[in-house]
1. Can you tell me how many residues within region 16-57 are assigned to a helix (DSSP H, G or I), among the β-branched types (Val, Ile, Thr) and within 29 Å of Ser126 (Cβ to Cβ)?
2. Would you confirm whether or not region 62-78 contains a residue that is outside any loop (DSSP other than H, G, I, E, B), of a type in the set (Val, Ile, Thr) and in contact with a helix residue (DSSP H, G or I) (Cβ under 9 Å, 6 or more places away or on another chain)?
3. State whether one or more residues within region 45-58 are without any contact (Cβ under 8 Å) to a residue 24 or more places away in the chain, loosely packed, with under 12 Cβ neighbours inside 10 Å and of a type in the set (S, T, N, Q).
4. If you go through region 86-97, how many residues are among the aliphatic types (A, V, I, L, M) and at pLDDT below 90?
5. Before we move on, is Arg68 of a type in the set (Lys, Arg) and surrounded by fewer than 17 Cβ atoms within 10 Å (Cβ to Cβ)?
6. Take the residues of region 100-135 that are crowded, with 16+ Cβ neighbours inside 10 Å and closer than 20 Å to Ala64 by Cβ: which is farthest from the chain's Cα centre (by Cα)?
7. Given the conditions (1) within 22 Å of Ile150 (Cβ to Cβ); (2) over 24 Å from the mean Cα position of the chain (by Cα), and given that Thr40 satisfies all but one, which numbered condition is not satisfied?
8. Among the residues of region 146-158, is any modelled with pLDDT of 90 or more and in a loop (DSSP other than H, G, I, E, B)?
Amino acid sequence: MMVALVSFLEWCSNTRTIVYIRDSSFGMPALQSVHLVGLTVLLAAIVVLNLRLAGVSMIDSSLASLERQLRPWALAGVTVSIASGLVIFIGTPAKYLASNPFRFKMAVLCLAVLLQFVVLRRFFASDPGNRSRAINVIVAGLFLTLWFSIGWAGRAIAFVP
């Protein structure tokens, strides 16, 4: 199974489109820029939502209403980030598969997406006044740490083996 996956990734990395993106002087920088824009949009929505959860900002807005307003932005950001990240990965899969920061980033990304869009969604839908402020601050801090860890790990890919 793993041999088939590696063979498939090697085939993908040698397709005309991926070779053009990887080897052109502007392809990979442009794609990385798109990746960072997606990450920025995602993190902006996550930060605003979690700061509201912690009671630090936008306390006049209901948490559930704010989550509904920010959900499309967060979903768009995560979609753009994952789609562009997949193309970046396919360009040089061996490099990324051998990278500890990349593996860490993927593990934390899976955890953060699962928790943010499945578990925490229910948390946001409930009344934050029914929980202690300390719980809200801890949850917000945990989620901000998870999401920013993804960005930090992504940056470490270039510098840490």
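1. The number of residues fulfilling the criteria is 5.
2. Yes.
3. no
4. 2
5. yes
6. For region 100-135, the residue satisfying everything is Pro128.
7. Exception for Thr40: condition (2).
8. Yes, region 146-158 contains at least one residue that is modelled with pLDDT of 90 or more and in a loop (DSSP other than H, G, I, E, B).
The values are calculated or read from the model by the stated rules, or taken from the named source; none is laboratory data. The model shown is predicted, which means the values in this text are computed figures rather than measured ones. Neighbour counts run over all protein chains shown; Cβ positions are idealised from the backbone, glycine included.
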